[in-house]
Amino acid sequence: MAHETATLAAYVADLKYSDIPPEVLERAKVLTLDFLGSAIRARRDAESTPSLMKMLEALALDGKGEATVFGDTKTWTPAVAALLNGALGHSLDFDDTHADSSLHPSAPVVPAAFAVGEMVGASGRDVLTAIVAGYEVCCRLGNALDPTSHYARGFHPTATAGTYGAAAAAAKLFGLSKDQIISAFGVSGSQAAGSLQFLVNGAWNKRYQVGAAAMNGVIAATLARNDFIGSSEAVEGKHGLLVGYSDDAHPDKAVAGLGSTYETLKIGVKPYPSCRYTHAAIDALIAMRREHNLTPDQIRKVEIGLHRNGITLTGDAATKRHPTSVVGGQFSMFFTGAIALDQGHFGWDDYDRLGDAAIDALADKFDVVQDDRLEIGRTHPFGARVSITTDDGTHERLYADPSGEPTSFPDAMAMQQKFLTLARPVLDKRADQLADAILTLERFDRVEKATQLGRQ
């Protein structure tokens, strides 16, 4: 390990809008828009949202500020806005993913960037630069942690590495020096937390801990801005992130190709509101259903092969076969697969079918197994092998990647439509205005002129 913390800090401090390739900036805008659609819809629909709002009220943290919470009627203080936007944007599990690190980059980074951007009166260009800086930091740290090892230790990388990404975005907008950013990363190391224990009972921790990562990144950068001395070597140190959170860290991946290879372009988007490890299988099930004109009564057995990370998150039959909560459904290969096979599509409103007897009966025909073909020689862990047995024989498909990855990234029209489908029920006609604003964010001299369109 060799000075990864300082190298990343210098990168963030020195990064300029003009340094970032146009295709990276365009991708950052589309990813931001995609994230905001989930946040806006979750403000109204996510079952965990009332608890979050009541907690803030009870602790007198609901005071008025100048920061936007998307889909909300009032403005909030920057730290609370980051918390809420992060939690809301991750609540539908419909937000973007970075395959190599197995994390959701926008969820901690974008809320931190908007909160501080509004706080300091930043331009749209400034905010886009900060978002790219945050993406690069958290994705690279996720790569360095090694997601398989990180998951095996019970950690959620969006919340752990995400705290550093949020701090990077906030620090960039504050205009912090390299040394100040090192301190911000040092504070982030004390705040990086996120347990996978939520998987056991479909708990809401996952949503909260990602919002907390966004807020903690803002706090870390604000402390550093005010001369707080944070620990050095927070990434590579004796008690740093890579040592404490992984048994198989790859420090070189934190800085490999920094400034020339953009992890931002490797971020994929979700066609379905569930864990990314379910998506390749859902793609295959929908395609096979259509190709063979399958109906549930024809199905004798379905076997889904996944990467071991996918088994950890979605494939435990004892706890995942018949989920009763939205989170349980989001992390159930059995439920999501049964929905896809039953109706040939899967969207947010389909969680209304939790506990549906027909879906439970179809889920009983599913087995989820670890498949070496999805691990050996594979770059990404999100593939699936699907075998469907009927009276006529067995049909099998192997999908190396789910749809929405960089090699099959949706066009701008499809991305805008996904956003509008989520946002219009909350914002009505303002959803269209907000979409146009985010996709032309570089034109705004003050980012608030764009973000205010996201208030209800």
> To the nearest 10 degrees, how steep is helix 430-439 against the longest Cα principal axis of the chain, on a 0 to 90 scale?
Replying inline: 70
> With each run of n ≥ 4 DSSP H residues scored as -39500 (n - 2.57), what mean residue ellipticity at 222 nm is computed for the chain after dividing by its residue count and rounding to the nearest 500 deg cm²/dmol?
Replying inline: -16000 deg cm²/dmol
> Once Rh is set to the Kirkwood radius over Cα pairs, what Stokes-Einstein translational diffusion coefficient, in µm²/s, holds for segment 276-399 at a temperature of 37 °C and a viscosity of 0.692 mPa s?
Replying inline: 233
> Mind checking the alpha-carbon convex hull of segment 1-159 and giving the volume per residue in Å³?
Replying inline: 135
> Of the listed peptides 101-111, 2-12, 267-277, what is their order by residue-averaged count of other C-beta atoms within 10 Å, with the highest listed first?
Replying inline: 101-111, 267-277, 2-12
> What is the Cα centroid distance between segment 3-81 and segment 292-339, reported in whole angstrom?
Replying inline: 32
> Using θ = phi - 60° and the Karplus curve 6.51 cos²θ - 1.76 cosθ + 1.60, what whole-Hz ³J(HN,Hα) does each residue of segment 308-319 get, with Gly and Pro shown as x?
Replying inline: 4, 4, x, 4, 3, 8, 10, x, 7, 4, 4, 10
> Does anyone have the angle between helix 49-58 and the longest principal axis of the chain? Alpha-carbon axes, 0 to 90°, nearest 10?
Replying inline: 30
> For segment 124-177 and segment 358-401, what is the separation of their C-alpha centers, rounded to whole Å?
Replying inline: 32
>> For the chain, take the longest principal axis of its alpha carbons; what is the angle in degrees between that and the long axis of helix 106-120, to the nearest 10 within 0 to 90?
In response: 30
>> Show log10 I(q)/I(0) for the chain at q = 0.13 Å⁻¹, two decimals, from a solvent-free Debye sum over equal Cα scatterers.
In response: -1.10
> For segment 119-266, what is the Kirkwood estimate of the hydrodynamic radius, computed as the reciprocal of the mean inverse distance between distinct Cα atoms, to one decimal in Å?
Replying inline: 15.3
> Ordered by packing density, taken as the mean number of other Cβ atoms within 10 Å over each peptide's residues, highest first, how do 114-124, 50-60 rank?
Replying inline: 114-124, 50-60
> Sorted by packing (mean other beta-carbon atoms within 10 Å per residue), highest first, where do 237-247, 188-198 land?
Replying inline: 188-198, 237-247
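Rule-based calculations on the coordinates, nothing more; no lab input. These numbers were taken from a predicted model, which means no experiment stands behind them. Neighbour counts run over all protein chains shown; Cβ positions are idealised from the backbone, glycine included.
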